[in-house]
Amino acid sequence: MQRLTTSTLWLALGLLLVSRVAASLERPESTQPAQNYVLFCAGCHGLNAKGVPHKVPALTKTLPLFVSSEEGRDFLLRVPGVANSALSDQGLAAVLNWLIATLDTPTPGWTAFVAEDVHRARQTPLMSVTQSRRQIISHLPLSKQIGDANNY
Amino acid sequence: MQQRLDRLLERASRHVAQRTSRRGFLGLFGAALTGATLLPLLPVSRGGQAMAAEPTGANAVDDPASCDYWKYCAIDGFLCACCGGTSSSCPPGTTPSPITWIGTCHNPADGRDYMVSYNDCCGKTSCGACSCNRNEGEKPMYRLSLNNDANWCMANDNPNYHCSVSVLLGVAGQ
């Protein structure tokens, strides 16, 4: 049942793929990244960005790990929630940078995202999200490998 | 008497054997099993939309049990305030959905827009009281994060939908 529910969630996120046209009809995004996070991301990832165990990944865990490698950054910009978001490239870059900067987990030496990074990567949304995620985690140093590689 | 009963049962058994097949029964049973499994995955009918209350829009109401209450501007479901909970908390025995959709509502009392989280309360069968269907800013299912027809209990251990709440998250600025 849990497997089924997780599949349903991915299916739902996949449905967002067809919705890019509707983006312009929605409310304008704010100039404040914190507010954009609440209105465009927190519905699934939660106000504390901790997600839902086995259902929605915790950004508090994965962002600091993934932002340090090229493949991790590419993944972050191509996951369904980011690539299909109604937020603009600039708005998305600002939300990601704000999130990383405000996380409790220290993230030394990371490079901020810019709108061009987001624009380029979101043109090719990920199809095999779980597989890509598992691969990136397996490339991390052993001490940083999180135990939920097969959960999402 | 016993012989007559035997003959009757024999005739009935032969009748069934000649007119039905074991495969036919298996097919029917299989279809029923599949149907019963798929039924919970269908979109939730939130209490019959034809009968759902629509906002009258007459006067600004400050009653959490009324569909006209300002912060219900995009709610679709049974109001938890009528189901043993409040406008922002779930009734006992139910659990708020950890995933939800978040929108904004205009508060006529102070003229400001507020961010509102529409959580479903899950774990019991439908409450059935105070059905309310308002759709300001709501989007079709293909924009799932802004849709109020989805069963947001889908990520709960018990995905039964009971009622909906509107939780204020703060003032929406520019």
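Within region B:140-157, is even one residue more than 7 Å from every other protein chain (Cβ to nearest Cβ), surrounded by fewer than 16 Cβ atoms within 10 Å (Cβ to Cβ) and either on the phi > 0 side of the Ramachandran plot or among the polar types (S, T, N, Q) (or both)? There is no residue in region B:140-157 that is more than 7 Å from every other protein chain (Cβ to nearest Cβ), surrounded by fewer than 16 Cβ atoms within 10 Å (Cβ to Cβ) and either on the phi > 0 side of the Ramachandran plot or among the polar types (S, T, N, Q) (or both).
B:A109 fulfils the conditions (1) farther than 17 Å from B:Y72 by Cβ; (2) of a type in the set (A, V, I, L, M); (3) open to solvent by 50 Å² or more (accessible area, probe 1.4 Å) except for a single criterion, (1). Determine whether A:P33 is touching a Gly at 6+ places or on another chain (Cβ under 8 Å), at pLDDT 95 or above and at negative phi. Considered against the rule, which asks whether it is touching a Gly at 6+ places or on another chain (Cβ under 8 Å), at pLDDT 95 or above and at negative phi, A:P33 comes out as yes.
Of all the listed residues (A:L126, A:L76), the sole one being touching a Phe, Trp or Tyr at 6+ places or on another chain (Cβ under 9 Å), over 13 Å from A:C41 (Cα atoms), outside any helix (DSSP H, G or I) and open to solvent by less than 40 Å² (accessible area, probe 1.4 Å) is A:L126.
In region A:29-40, of all residues being in a loop (DSSP other than H, G, I, E, B) and within 9 Å of another protein chain (Cβ to nearest Cβ), the one that is farthest from B:S117 (Cα to Cα) corresponds to A:T31.
Does region A:51-65 include one or more residues that are open to solvent by 30 Å² or more (accessible area, probe 1.4 Å) and either within 11 Å of chain B (Cβ to nearest Cβ) or closer than 17 Å to A:R122 by Cβ (or both)? Yes: one or more hits. Taken as a whole, the condition of being basic (K, R), over 30 Å from B:Y114 (Cβ atoms) and open to solvent by 50 Å² or more (accessible area, probe 1.4 Å) applies to A:R120.
Do we have any residue at all in region B:125-142 that's modelled with pLDDT under 95 and not in a loop (DSSP other than H, G, I, E, B)? Yes.
Only one of the numbered conditions (1) surrounded by fewer than 19 Cβ atoms within 10 Å (Cβ to Cβ); (2) over 20 Å from B:L169 (Cβ atoms); (3) among the polar types (S, T, N, Q) is violated by B:S89, and that is (2).
Filtering B:S166, B:S131 for residues that are more than 10 Å from chain A (Cβ to nearest Cβ) and open to solvent by less than 10 Å² (accessible area, probe 1.4 Å) leaves a single hit, B:S166.
Could you check, for region A:132-151, whether at least one of its residues is in a loop (DSSP other than H, G, I, E, B) and among the hydroxyl-bearing types (S, T, Y)? No: zero hits. Restricting the first member to region B:83-107 and to residues that are without any contact (Cβ under 8 Å) to a residue 40 or more places away in the chain and assigned to a strand (DSSP E or B), and the second to residues that are open to solvent by 10 Å² or more (accessible area, probe 1.4 Å) and hydroxyl-bearing (S, T, Y), the beta-carbon pairs closer than 9 Å and six or more apart or on different chains are B:H106/B:Y114; B:N107/B:Y114.
Being closer than 18 Å to A:A86 by Cα, touching a residue at least 60 places away in the same chain (Cβ under 8 Å) and within 14 Å of chain A (Cβ to nearest Cβ) is a condition met by no residue of region B:112-123.
The values are calculated or read from the model by the stated rules, or taken from the named source; none is laboratory data. None of the values given here were measured: they were computed from a predicted structure. Note: ideal-geometry Cβ built from the backbone for every residue, glycine included; neighbour counts use all protein chains shown. Remember, those area values only see protein heavy atoms, side chains included, never the ligands or the DNA or RNA. Shrake-Rupley method; radii C 1.70, N 1.55, O 1.52, S 1.80 Å.
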